[in-house]
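Inspection log for the structure reproduced underneath, given as structure tokens.
The values are calculated or read from the model by the stated rules, or taken from the named source; none is laboratory data. Please read all numbers here as calculations on a predicted model, not as lab measurements. Here Cβ is always computed from backbone atoms with ideal geometry, including for glycine, and neighbour counts include all displayed protein chains. What goes into the accessible areas is simple: the full protein's heavy atoms, side chains included, and nothing from ligands, DNA or RNA. Shrake-Rupley method; radii C 1.70, N 1.55, O 1.52, S 1.80 Å.
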Amino acid sequence: MAYEYAIALTGGIATGKSTVASLLALNGMRVIDADTISHEILDDSVEWVRETFGSEYVNGTKVDRTKLGSYIFSHPAAKKTLEEYLHPKIQAEIQKRSEKQDEFQFPYLIDIPLFFENSNYPIKESVVVYTPEDIQLERFVKRNGYSKEESLKRIASQMPIDKKKEKATWIIDNSKNLKHLQNEVEQFVEKIKEIYKK
Ligand SMILES: CC(C)(COP(=O)(O)OP(=O)(O)OC[C@H]1O[C@@H](n2cnc3c(N)ncnc32)[C@H](O)[C@@H]1O)[C@@H](O)C(=O)NCCC(=O)NCCS
Ligand SMILES: Nc1ncnc2c1ncn2[C@@H]1O[C@H](COP(=O)(O)OP(=O)(O)OP(=O)(O)O)[C@@H](O)[C@H]1O
């Protein structure tokens, strides 16, 4: 059975999910990453992207994700088309990997950025990586080099981070420096180990 020991790891764009995923791995936790799976599927879908959106979104044998991202976040119908194509495939792959992880009978994380937006995952527990919106925007702009306007458009395409915080079982606060984040992650792992102790 899939998702038995799964905990959803989620948050907003650039609130620090990947950074937390790396710290969790350093603390011995296993993490399935939906973004990585989505990139692998997109890499196998070059012809579909060419036929659906045009050859300007393909660079050699790879999809130009930066360009495709700029397009879909400004064109809701195209975003829907991409999501309707990718999401079932992403979900199927996550389910497969989740079944494997459940064999260990120990909790693991599934990093799903849109966990609360798409309630298709039968996962009860969740942990939200939280930063207030002003820090989220600052880190997003700094990391991606997008304009403030483009960054705000992408942030607005998701459920507000404060609402996700309300829905979470646990919260990892990433509003301070990396040392603080490391502490937050260690405390979270201790909590999980305590709860799931056999
Ligand atoms: C638009 C694409 C090509 C941009 O690729 P890029 O490498 O620039 O971004 P990446 O995939 O690493 O996503 C970065 C973050 O953007 C956010 N994001 C991505 N897709 C979406 C979406 N459809 N809606 C809202 N936010 C999204 C997430 O917070 C994600 O963590 C890519 O994100 C994509 O194919 N998205 C559709 C699939 C999807 O919904 N993925 C997110 C959940 S698995
Ligand atoms: N505590 C912190 N202090 C300063 N910078 C940080 C901190 N945590 C994360 N960052 C930086 O903020 C940016 C966003 O973090 P990260 O890539 O982990 O977010 P994400 O939630 O995985 O993003 P996405 O939704 O786009 O996949 C990165 O450049 C990262 O190095």
Within segment 71-113, of all residues that are in a loop (DSSP other than H, G, I, E, B) and touching a residue at least 60 places away in the same chain (Cβ under 8 Å), the one farthest from ligand 1 (Cβ to nearest atom) is 105
Residue in segment 132-181 that is surrounded by the fewest Cβ atoms within 10 Å (Cβ to Cβ), counting only those that are of a type in the set (Val, Ile, Thr) and within 13 Å of ligand 1 (Cβ to nearest atom) | 155
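Considering only residues that are closer than 15 Å to residue 22 by Cα and more than 17 Å from the chain's Cα centre (by Cα), which ones fall in segment 153-179?
178, 179
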State whether one or more residues within segment 74-83 are touching a strand residue (DSSP E or B) at 6+ places or on another chain (Cβ under 9 Å) and open to solvent by less than 30 Å² (accessible area, probe 1.4 Å).
-> no
Checklist (1) more than 11 Å from ligand 2 (Cβ to nearest atom); (2) touching a Gly at 6+ places or on another chain (Cβ under 8 Å) applied to residue 152, failing item = (2)
Which residues, taken from segment 47-71, are aliphatic (A, V, I, L, M) and farther than 18 Å from residue 84 by Cβ?
-> 58
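Taking the options 28, 12, name whichever one is within 16 Å of ligand 2 (Cβ to nearest atom) and of a type outside the set (A, V, I, L, M).
Residue meeting the stated conditions: 12.
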All positions within segment 7-19 that are within 15 Å of ligand 1 (Cβ to nearest atom), surrounded by fewer than 24 Cβ atoms within 10 Å (Cβ to Cβ) and either at pLDDT below 95 or under 21 Å from residue 101 (Cβ atoms) (or both) | 8, 18
